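> What follows is a structure written as structure tokens; I'll ask about it next.
The values are calculated or read from the model by the stated rules, or taken from the named source; none is laboratory data. This structure is a prediction, so every number in the text was calculated from the model and none was measured. Because the Cβ atoms are built from the backbone with ideal geometry, glycine has one as well, and the counts that use them run over all protein chains shown.
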Amino acid sequence: MKHRHLLTIGIIFLLAIIVTIVFNQFHEEQESPNFSTTKSTPTQKIKSISIGDKILNVELATTPNEWQAGLSNRPSLDSNAGMLFIFPVSEMRNFWMKDTLIPLDIIWVNNNTVIGIDRMFPEPTSPEFDLKRYYSPSESNAVIEVNSNWTINNNIKIGDIVSY
């Protein structure tokens, strides 16, 4: 009787561990940051937007999966192309260059106004925990990623109006 009781407790304990592991795996997949470890594929949602008087063709990233994939694993980006990340609320944002192969400018936007610009560089040999994080200067509800120096070459500056 004692052995049967111990066996039952052991089985319950083992099942609890398995449920915890499965739950944690699912939870991590649902709440991972704006990045992906899988090769990204272009979205089918393409839109022309303007920043000041400059026109840019962007892929739209409007879902958590699209935010995660971003421009990772892309060997190149057309000269007047980019990705527009649209978020449902304004809040502090952060990005990194996990699995990103090309240098990028990141344009932080809130309520259709440029609030900041950063230059981001690939870190192909850095372990994930060492990757640099790029933070929005204040709350942001949109982010635009473009080729490195696109903002300089097109005279994009803080305060410019973004229409999309």
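> Within region 61-77, is there a residue that is without any contact (Cβ under 8 Å) to a residue 40 or more places away in the chain and in a strand (DSSP E or B)? Full working, then the answer.
Step one: filter region 61-77 for residues without any contact (Cβ under 8 Å) to a residue 40 or more places away in the chain, giving 61-69, 72-76.
Of the ones still in play, those that are also in a strand (DSSP E or B) are 61.
Checking region 61-77: at least one residue is without any contact (Cβ under 8 Å) to a residue 40 or more places away in the chain and in a strand (DSSP E or B).
> Ok, one more. Looking only at region 62-94, which residues are of a type in the set (Asp, Glu) and crowded, with 19+ Cβ neighbours inside 10 Å?
The answer is GLU66, and nothing else.
> I'd like to verify a number: residues in region 138-164 that are within 17 Å of the chain's Cα centre (by Cα) and either assigned to a strand (DSSP E or B) or not assigned by TED's automatic domain parsing to the domain that holds SER50 (or both), how many?
8
> OK, next. Could you grab me the full set of residues in region 123-137 that are touching a residue at least 12 places away in the same chain (Cβ under 8 Å) and over 16 Å from the mean Cα position of the chain (by Cα)?
Selection gives PRO124, PRO137.
Table: residues versus (1) exposed (fewer than 13 other Cβ atoms within 10 Å of the Cβ); (2) closer than 12 Å to PHE95 by Cα.
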{"position": "THR113", "(1), (2)": "no, no"}
{"position": "ILE117", "(1), (2)": "no, no"}
{"position": "PRO124", "(1), (2)": "yes, no"}
{"position": "PHE129", "(1), (2)": "yes, no"}
{"position": "LYS132", "(1), (2)": "yes, yes"}
{"position": "GLU145", "(1), (2)": "no, yes"}
{"position": "ASN149", "(1), (2)": "yes, no"}
{"position": "ASN153", "(1), (2)": "no, no"}
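> When the residues of region 91-107 are narrowed to those that are among the acidic types (Asp, Glu) and either at pLDDT below 95 or within 17 Å of VAL58 (Cβ to Cβ) (or both), which ends up farthest from the chain's Cα centre (by Cα)?
Among those residues, the one meeting the criterion is ASP105.
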